[in-house]
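Note sheet for the following structure.
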There are 2 protein chains.
Amino acid sequence: MSIMKDQDLSTFTEALRRENLKLTPQRKKIFSTIAESDEHWEVDDLVYRFWESEDRISRATIYRTLDILVDYGFVRKVDFGEGRSRYEYAADKKYHDHMICEECGEIFEFTDENLRKHQERLCEIFDFTPSKHVVQIYGLCSECQAEPDAGK
Amino acid sequence: MSIMKDQDLSTFTEALRRENLKLTPQRKKIFSTIAESDEHWEVDDLVYRFWESEDRISRATIYRTLDILVDYGFVRKVDFGEGRSRYEYAADKKYHDHMICEECGEIFEFTDENLRKHQERLCEIFDFTPSKHVVQIYGLCSECQAEPDAGK
DNA sequence: ATTTAATTGAGATTGAATCTCAATTAATGA
DNA sequence: TCATTAATTGAGATTCAATCTCAATTAAAT
Ligand SMILES: [Mn+2]
Ligand SMILES: [Mn+2]
Ligand SMILES: [Zn+2]
Ligand SMILES: [Zn+2]
């Protein structure tokens, strides 16, 4: 685990203490696994990863810990309309949006400051105080346009 | 039912015939109810409305009919992260996006051509062929900023 | 009127997410 | 180090939206 992520872990530890929550082995393990995970993983990715390891962690605990991590801003919850949630480690990553290929499932991240500013302006017009923006573009990625079966 | 919506119904009828599907009383009733419904309704809104009427329609049939209507483009399915889907009658309404107040649940629609064009440009850059865009802004509406309990 | 493939509805099933509660454990401080 | 206490865990039950199954019904075409 990198220096940066060790820092994150101690930030997590402090946040827990601040709210009188305990630093349990389960929470520690979930945190460090997440910090090393691929992007946009789902709960079962964690469940099965732990399942194969020495000490399993129950679904309930995983869900509960994720809620805390989302609250604290270490993890972002994303919904690509699959009927279940995905998550991404947020601590070392700035604002971005997603393109989702409906053929191969690949997810492309992009950042567009103009897009962001447009939205801010709209909020001003509506006198709306935003807490969260969702921008998603569904369609066919470059590969899948060429060969419709590429991703299968 | 307006002239416009009668036209829609016959378009629906034709679409059904084209695919060898039958025009049943249930489908007719669902269609006309939808065409008169408020925006962003959910399945249970329909279920209960039919429940109180003469002839009830089963959940399964409602879901199946909605799938067809979404396929044909008469209805748009929207997800505001509530754990269930909402729908809106699409036939007489052009492109728009949504602001969702997290306090009172109100949904505001807006249309911004620049935003749309920005997204188109991004798709070109990524060589991505879009089929669907989702833009949602969650936060506090004007009313709810002033009085946090306004919507309760 | 007959034929046939599509449709319906009741109820079972799935799958994600949440809840319950008894047993366990981290944290605090004497 | 040990006792106290409130937080945590895990197994399994529960919830809820959505989908599936299948026998009975029905729209539509001839
Ligand atoms: Mn991402
Ligand atoms: Mn709308
Ligand atoms: Zn693709
Ligand atoms: Zn509001």
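The values are calculated or read from the model by the stated rules, or taken from the named source; none is laboratory data. The structure displayed is predicted, hence computed values, not measured ones. When we count neighbours, we look across all protein chains shown, and the Cβ atoms used for this are built from the backbone with ideal geometry, even at glycine. Keep in mind that these areas ignore ligands, DNA and RNA; they rest on the heavy atoms of the full protein, side chains included. Shrake-Rupley method; radii C 1.70, N 1.55, O 1.52, S 1.80 Å.
The count of lysine pairs in chain B that are at least 8 places apart or cross chains, and whose C-alpha atoms lie under 16 Å apart, stands at 11.
Rounded to the nearest 10 degrees, the angle from helix A:25-35 to the longest Cα principal axis of chain A is 30 degrees.
Compared with its chain on its own, the range A:91-116 contains the following residues whose accessible area drops by 30 Å² or more in the full protein assembly (probe 1.4 Å; ligands, DNA and RNA excluded): A:M99, A:F110, A:D112, A:L115. Rounded to the nearest 20 debye, the dipole magnitude of the range A:1-78 is 380 debye, with +1 charges on Lys and Arg beta carbons, -1 on Asp and Glu beta carbons, and the Cα centre as origin. With the simple model of a label 7 Å out from the Cα in the direction of the Cβ, B:V43 to A:R18 spans 4.1 nm.
Please work out the Cα convex hull volume for the protein assembly as shown and give it in Å³ per residue. All intermediate terms of the calculation are to be shown ahead of the outcome.
Numbers: hull volume 61.7 nm³, N = 304.
Given the Cα convex hull of the protein assembly as shown, per-residue volume reads 203 Å³.
Each part reduced to its alpha carbon centroid, the range B:88-152 and the range A:76-147 end up 13 Å apart. Farthest toward the positive end of the dipole of the protein assembly as shown, out of B:G73, B:F126, A:W51, is the Cα of A:W51, where the dipole comes from beta carbon charges about the Cα centre.
Identify the GluC sites (Glu not before Pro) of the range A:50-152 meeting these criteria: DSSP loop state and at most 12 other C-beta atoms within 10 Å of the C-beta. Don't jump to the answer; show the numbers that get you there.
On the way: sites: A:E52, A:E54, A:E82, A:E88, A:E102, A:E103, A:E106, A:E109, A:E113, A:E120, A:E124, A:E143; in loops: A:E52, A:E54, A:E82, A:E102, A:E103, A:E106.
Filter output for the range A:50-152: A:E52, A:E54, A:E82.
Helix-only arithmetic for chain B: the sum of -39500 (n - 2.57) across DSSP H runs with n ≥ 4, divided by the residue total, places the mean residue ellipticity at 222 nm at -14000 deg cm²/dmol. Equivalent ellipsoid of chain B: semi-axes from √(5λ) of the C-alpha gyration tensor, largest first, are 30, 23, 13 Å. Once the Cα atoms are used to define both axes, helix B:59-72 deviates from the longest principal axis of chain B by about 70 degrees.
Excluding ligands, DNA and RNA, what is the solvent-accessible area per residue of the protein assembly as shown at a probe of 1.4 Å, expressed in Å²? Walk me through the intermediate numbers first.
Values: 17770 Å² over 304 residues.
Roughly 58 Å² per residue, with all protein chains present.
Give me the percent of the accessible area of chain A that comes from carbon and sulfur atoms, probe 1.4 Å, all protein chains in place. Display every interim value, and only then the final one.
Numbers: 4060 of 8890 Å².
About 46 percent, which is the carbon plus sulfur part of the accessible surface.
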